[in-house]
Amino acid sequence: MAQLTRRSANLLKPFSASVSATRHLTTSDTTPITVETSLPFTGHKIEPPSRSVETTPKELLSFFRDMALMRRMEIAADSLYKAKLIRGFCHLYDGQEAVSVGMEAAITKKDCIITAYRDHCIFLGRGGTLLETFAELMGRKDGCSKGKGGSMHFYKKDSGFYGGHGIVGAQVPLGCGLAFAQKYSKDENVTFAMYGDGAANQGQLFEALNMSALWDLPAILVCENNHYGMGTAEWRAAKSPAYYKRGDYAPGLKVDGMDALAVKQACKFAKEHALKNGPIILEMDTYRYHGHSMSDPGSTYRTRDEISGIRQERDPIERIKKLILSHDLATEKELKDYEKEVRKEVDEAIAKAKECALPDSSELFTNVYKKGFGVESFGADRKELRAVLP
Amino acid sequence: MWLCSPLIHSYSSTSLSSRHRPNRHNPPPSPPPHPLTPPPRSSFSVKVACLIDLSSNLEVHCIERKTSFFFIHCDGSLTSGLNLRNSRSARLSTNAVATKQDNVTASTASKPGVTNVDETPPSKPIGNILEALREGLEEEMERDPRVCVMGEDVGHYGGSYKVTKGLATKYGDLRVLDTPIAENSFTGMAIGAAMTGLRPIVEGMNMGFLLLAFNQISNNCGMLHYTSGGQFKIPIVIRGPGGVGRQLGAEHSQRLESYFQSIPGIQMVACSTPYNAKGLMKAAIRSDNPVILFEHVLLYNLKERIPDEEYVLNLEEAEMVRPGEHVTILTYSRMRYHVMQAAKTLVNKGYDPEVIDIRSLKPFDLYTIGNSVKKTHRVVIVEECMRTGGIGASLTASINENFHDYLDAPIVCLSSQDVPTPYAGTLEEWTVVQPAQIVAAVEQLCR
């Protein structure tokens, strides 16, 4: 009986939370609003799309909701790391949320995204839940990779999110492989292979771009240029920091990555282009507030003034907030309340993730091989099925 | 029905832990065998029958041939000395002799033990490893539209070693893809394509070039299934010729088995005959795990009869090449032929080596190897890998760990020297293990 009431109480709690969180900030209003992006697009060997973006109140509010959730999640991950619940490497995405939400608004779940290790928010954007995120970060078995991947290995196959990769630049050839498979199966989808300004100097990118251009693969290479490759500023690492021009024969587009609507416009444009003409490079001019990872304070190679300056002038959430307020889609108080709700939601998810179990020790040997064609490594007598690799 | 020699008797006996085994000095307990006469027509007919009996000082009664040998088992099955049908495999298999002599003993049997050479001549022409690989590849591409090939010059050129000849005209440019010289990224592309469900086969023009793709093979290919918690599988096959060729130089004579063997999540197999090349190729393509198939540059033109029927071999099984009593010789790829050459000399000198082609380099088939060790109690490993950290080194450790009690002497591991392969022919010959060294090692071990 006590268990029944406890369970029903649990059932009611998230329901009420979700109702209160979304009650203020959902609308089914789809009257088009035309907004100008902050900056015009710059094109390389291509005619850039127009600065005016069509959006709707529904979309703007969803942008705000998603970005607020992402921001809150990253900050919570920060405190969890400092509390030693998250170990190893933790690369945070706050400041760059606009890239993820803008891209999601322009594409479907059938299009593939592949990125490097700064993948928490992109995972959320692709449909991952907070519980899966925090459980994976804390190494619990309810995580999206059963606790065996960690911060850098988030994947979601059913919504086309291919990770989550630790080695800088290695995901770009994989992304071109995804595009190859899309061309092979003739489904009209594209792949967004994301990488950073540091990875832009990897040779395998140029190799992959060459092959994609050669075979007209629907691959879109997205360089999230946050101007620092760990501690090295872009002007110290790249002779030509115009990453959108690096493709030479492949067209490129430079986008203000802190403006979600600009990102959306660029991604939509890129998708149409890639399906017809082959690869295109998008450079998202963005910024990360945290250091490269949690072990990097982020202030030894840049000034605090620079960080706070960008936070004041170009913060993606502030921009959307201003748009919402100027179009009277919600009041300031509603937005603040929503942020509080989000904070609560994230805290709840963390609490629930903390209660999740650690993976069983037998999980050490699962998923090493896929069962098929008898991958059973028998012991010496064939009686002992030593390390069955299921 | 038969007077089985003690040799055969102990082979088919189940008391494998018995430490007594006949050799030159201990006479066997049972009476010496008679030279065999051809059996009555009802069971099987053979044209040649030979029996090697060590106790009778090598009276080899050979009607038609002097250099090969056969064992007639107590249950009436015939096995040739060079290629024993692996009785554990339930699939159709052909016993074929990979030598230049007249192939009277080639037998296509639909059930093990019954051979009727006169009545069922094999209908398949003799093919070499290249053709075997191509057949396997083509059959799999026909069977599953998701199978595709990527590599340098595999398409229009037909493959640098002509393994993919004719496939591009048949299946199109996208399915047999000519890539630019960018191993790192086209291996990465193949892995990305595999994540979505395609089954690519990556050809390294020479295995050594795959070193450039090591990051992709190790991190993405081997580990993705694990780090994604089982969400993605990578059914990729990476293949290519490796090994020491004819004066190809240091960089083109590399043996990468040792570098790849520690990567968790991949499987490695090495083919050595046309029969197992085709079978392993098909098995590798059908496997849902990443498989690296090691071929050898010098073996591509080796001819053998390939069965007509479709067959797939087990990726984790070793092949018993020649059963024996005195010493277990474990080998793979090209060294198998050096070992068989040495085996001829050894047999003439009175030894009875058991030769096993381990085929599966990761994981090792410890069952077959273990049974052999329990029988012979001495092991020689002959490999082409380097001395330091090679496949032989791992195998030595594995056997020591598991079968220490059954060993009478330390394991002898003959491997290539730890030097870059020189260009000069004589020097190159001395970097790899030669049959004379194998004979000397066995003699030393069985002293």
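The values are calculated or read from the model by the stated rules, or taken from the named source; none is laboratory data. This structure is a prediction, so every number in the text was calculated from the model and none was measured. Cβ atoms come from the backbone with ideal geometry, glycine included; neighbour counts cover every protein chain shown. Accessible surface areas use protein heavy atoms only, side chains included; no ligands, DNA or RNA. Shrake-Rupley method; radii C 1.70, N 1.55, O 1.52, S 1.80 Å.
Note on chain A: with a GNM built from Cα contacts shorter than 10 Å, the maximum mean-square fluctuation among A:Ser293, A:Ser151, A:Ser50 falls on A:Ser50. With a Förster radius of 45 Å applied to the beta-carbon distance between A:Thr31 and A:Lys110, the computed FRET efficiency rounds to 0.95.
Only one residue of A:Gln265, A:Leu335, A:Ile280 has its Cα farthest out toward the positive end of the dipole of segment A:251-377, where Lys and Arg carry +1 and Asp and Glu -1 on Cβ, and that residue is A:Ile280.
In chain A, which longest range has no GluC sites (Glu not before Pro) that are both DSSP loop (not H, G, I, E or B) and surrounded by at most 15 other Cβ atoms within 10 Å? With a cap of 15 other Cβ atoms within 10 Å, the longest stretch comes to A:189-383. Among bridges DSSP assigns within chain A, what percent are antiparallel (round to 5)? Antiparallel: roughly 35 percent of the beta bridges in chain A. Where both bridge residues fall in segment B:100-304, DSSP classifies roughly 10% of the beta bridges as antiparallel.
Taking amide H positions as modeled 1.01 Å from N, with prolines and chain starts lacking one, the residues under 5 Å from A:Thr42 and 5 or more places away or on another chain are A:Lys254. For chain A, rounded, prolate or oblate, judged on the Cα gyration tensor with a ≥ b ≥ c (square roots of eigenvalues), a/c < 1.5 rounded, else prolate if a/b > b/c? Note, shape of chain A comes out oblate. Classify segment B:249-405 as rounded, prolate or oblate, taking a ≥ b ≥ c as the square roots of the eigenvalues of its Cα gyration tensor: rounded when a/c is under 1.5, otherwise prolate if a/b is larger than b/c and oblate if not. Because its axes are fairly even, with a/c under 1.5, segment B:249-405 counts as rounded.
Using only side-chain charges placed at the Cβ, +1 for Lys and Arg and -1 for Asp and Glu, the dipole size of segment A:158-306 relative to its Cα centre rounds to 160 debye.
Note on segment B:320-445: dipole from Cβ charges, positive end direction compared against B:Leu330, B:Trp430, B:Asn402; the farthest Cα belongs to B:Leu330. Of the residues A:Cys112, B:Cys446, ranked by 1.4 Å probe accessible area with the largest first, the sequence reads B:Cys446, A:Cys112. The listed residues B:Tyr423, B:Tyr259, once ranked by accessible area (1.4 Å probe) with the largest placed first, stand as B:Tyr423, B:Tyr259. Here's how it looks for B:Leu361: its modeled amide H is under 5 Å from those of B:Met268, B:Val269, B:Ala270, which are all 5 or more places away or on a different chain.
With the charge dipole of segment B:320-445 set up from +1 on Lys and Arg Cβ and -1 on Asp and Glu Cβ about the Cα centre, the Cα lying farthest toward the positive end among the listed residues B:Gln417, B:Thr368, B:Gly389 is that of B:Thr368. Shown for segment A:129-150: residues covered by the partner protein chains by 40 Å² or more of accessible area relative to the chain by itself (probe radius 1.4 Å), namely A:Lys148. Working note: Karplus 6.51/-1.76/1.60 with θ = phi - 60° gives segment A:45-58 the couplings 6, 7, 7, x, x, 6, 6, 8, 10, 8, 9, 10, x, 4 Hz, where Gly and Pro are set to x. Rounded to the nearest whole Hz, the Karplus-based 3J(HN,Hα) values (6.51 cos²θ - 1.76 cosθ + 1.60, θ = phi - 60°) of segment A:168-179 follow the sequence 4, x, 5, 7, 6, x, 4, x, 5, x, 4, 5, with x at glycine and proline. In terms of its C-alpha gyration tensor, segment B:100-304 has a prolate overall shape, because the principal axis ratio a/c (a ≥ b ≥ c, square roots of the eigenvalues) is not below 1.5 and a/b outweighs b/c. Positive contributions from Lys and Arg (+1) and negative ones from Asp and Glu (-1), summed over other residues with Cβ under 12 Å from the Cβ of B:Met150, come out at -3. Accessible surface ranking for A:Arg126, B:Arg143, B:Arg134, 1.4 angstrom probe, highest first: B:Arg143, B:Arg134, A:Arg126.
The contact residues of segment A:170-208, meaning those that lose at least 50 Å² of 1.4 Å-probe accessible area when all protein chains sit together rather than their chain alone, are A:Leu174, A:Phe180, A:Tyr184, A:Glu207. Note that segment B:303-311 has calculated 3J(HN,Hα) couplings of 9, 7, 7, 10, x, 6, 6, 6, 8 Hz, one per residue in order, obtained from phi through the Karplus relation 6.51 cos²θ - 1.76 cosθ + 1.60 (θ = phi - 60°); glycine and proline are x. Entry note, chain A: the mean residue ellipticity at 222 nm calculated from DSSP H runs of n ≥ 4, each adding -39500 (n - 2.57), is -14000 deg cm²/dmol after division by the residues and rounding to the nearest 500.
In this structure, the amide hydrogen of B:Ile238, modeled 1.01 Å from its nitrogen in the peptide plane, lies closer than 5 angstrom to those of B:Val202, B:Val291, B:Ile292, B:Leu293, counting only residues at least 5 positions away or on a different chain.
Counting only Cβ charges, +1 for Lys and Arg and -1 for Asp and Glu, the dipole size of chain A around its Cα centre is about 960 debye.
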